[in-house]
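Have a look at this one before I ask anything.
The values are calculated or read from the model by the stated rules, or taken from the named source; none is laboratory data. The structure displayed is predicted, hence computed values, not measured ones. Cβ coordinates were reconstructed from backbone atoms using ideal geometry, including for glycine residues, and neighbour counts include every protein chain displayed.
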Ligand SMILES: *Cc1c(COP(=O)(O)O)cnc(C)c1O
């Protein structure tokens, strides 16, 4: 492991995290990890954004994803000794995150090579390993409960699969997630328990909230949750922006340019927040494009200065169907609530289903690369914008957030060909579903959890 001993942190004391609502005392990473949200209802953010040293940034192209990740993690987390952080990162990031050249100056950061084929594996696996580290020290066991509309459940289930001292309960709405997603959640077994709820996603979420508010249950089962606002899922997402930049540096100059635009397909805006932190730490990203589908509350907010959250509408890029993005409060905090300042770093654009389909089709025709609907929203946003002349001398890094095979219906409609499932999905389809069916009734859930 390389040691960046030349990095000077003269003012670095303990790294603390504060609530964006400002009414709660600073806490350690461990505290923020276990509690998820501050007791004033706000999301946790770092008290200060740490800086990369010039020596670290100048030798990035010689570093591995592992080395970069350890450095990022140790700048935020000072309660886990470095040797253990290395171990956590080895276990969490056991898949590659390649930067792939699509065409012209467009590169895709393929974040989907983890077990559930979406970028949420990165955060879920890191969070599971850090929780497990603290639990081993305390000789304690916990139960993690989550409600899912599809993708989060499979990432959390896989991320926490066979992690010691943690059992996971995933609630999903019966018949309302895709067959593939259901298999991904219900075929693991061991410490993963799938509960099929006769009801909607909202019913599942309500049951989870009731469970987390039930003191008896929380005490008896050491109940907590692994939702996406947890810092344990956000911090690891900073690492791959740095890794993308490191990979870009190794590409010949004729193909790439040092001015970088990062395009982030966005729903709850966690991925974008992590990218903004990477920039704040000194990573030279010139601009971010936040690409949403028709759920355009953030593009509208940037345009009008007025934020009007509303119920989400269903689109082809369903993991981004969010009408009130939870991480926006972190972004507002970072920019002192000043929309004009946000706009100097971020452009927000909304892409329709029509444009998404068209992007998948046209990109496939030209390059044979198959974009998933979420990544297509990102690529399309860049293309719309790049009609402006000043962007010619830039490299574009699009966060490729999912593998296309997770969305066969949409992709087949776009390219007019049958999708072949990768082995990891094909295998899950042939395994036997194991789940417990319950009505949307809290007493039944509680009895099950205490049995
Ligand atoms: C969750 C998700 C997103 C949105 O990410 P946020 O961090 O919530 O903005 C984009 N694409 C895919 C495939 C996802 O699963």
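Select from the range 301-312 the residues that are part of a loop (DSSP other than H, G, I, E, B) and farther than 24 Å from residue 400 by Cβ and write down the one among them that is nearest to the ligand (Cβ to nearest atom).
Going through the qualifying residues, I end up with 309.
Going through the range 219-277 one residue at a time, which ones are assigned to a loop (DSSP other than H, G, I, E, B), within 16 Å of the ligand (Cβ to nearest atom) and over 23 Å from residue 128 (Cβ atoms)?
Within the range 219-277, 266 is the sole residue that qualifies.
Can you work out which of the residues in the range 176-199 that are touching a residue at least 40 places away in the same chain (Cβ under 8 Å) and farther than 23 Å from residue 166 by Cβ is surrounded by the fewest Cβ atoms within 10 Å (Cβ to Cβ)?
179
Residues are listed down the side, and each one gets a yes or a no for (1) more than 16 Å from the ligand (Cβ to nearest atom); (2) more than 27 Å from residue 101 (Cβ to Cβ); (3) at pLDDT 95 or above:
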| site | (1), (2), (3) |
| --- | --- |
| 380 | no, no, yes |
| 384 | yes, no, no |
| 389 | yes, no, no |
| 398 | no, no, yes |
| 407 | no, no, no |
| 439 | yes, yes, yes |
| 444 | yes, yes, yes |
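With modelled with pLDDT of 95 or more, farther than 23 Å from residue 279 by Cα and assigned to a loop (DSSP other than H, G, I, E, B) as the only criterion, which of 80, 49 stands out?
Exactly one residue qualifies, and that residue is 80.
Of all residues in the range 92-106, count the ones that are part of a loop (DSSP other than H, G, I, E, B), away from the ligand (no atom under 16 Å from the Cβ) and either within 18 Å of residue 67 (Cα to Cα) or touching a helix residue (DSSP H, G or I) at 6+ places or on another chain (Cβ under 7 Å) (or both).
Number of matching residues: 4.
So which residues in the range 319-328 are in a helix (DSSP H, G or I) and within 9 Å of the ligand (Cβ to nearest atom)?
The answer is 319, 320.
Among the residues of the range 150-163, are any closer than 29 Å to residue 311 by Cβ and part of a strand (DSSP E or B)?
no
Which of the strands (runs of 3 or more DSSP E) contained wholly in the range 341-451 include at least 3 residues that are surrounded by 14 or more Cβ atoms within 10 Å (Cβ to Cβ)?
346-350, 395-400
For the range 343-350, indicate whether the set of residues that are out of contact with any strand residue (DSSP E or B) (no Cβ under 9 Å at 6 or more places or on another chain), under 19 Å from residue 285 (Cα atoms) and away from the ligand (no atom under 16 Å from the Cβ) is non-empty.
Yes, there is a match, as at least one residue in the range 343-350 is out of contact with any strand residue (DSSP E or B) (no Cβ under 9 Å at 6 or more places or on another chain), under 19 Å from residue 285 (Cα atoms) and away from the ligand (no atom under 16 Å from the Cβ).
Let me ask another. Can you tell me which residue in the range 107-142 is farthest from residue 393 (Cα to Cα), limited to those that are modelled with pLDDT under 95 and part of a strand (DSSP E or B)?
142
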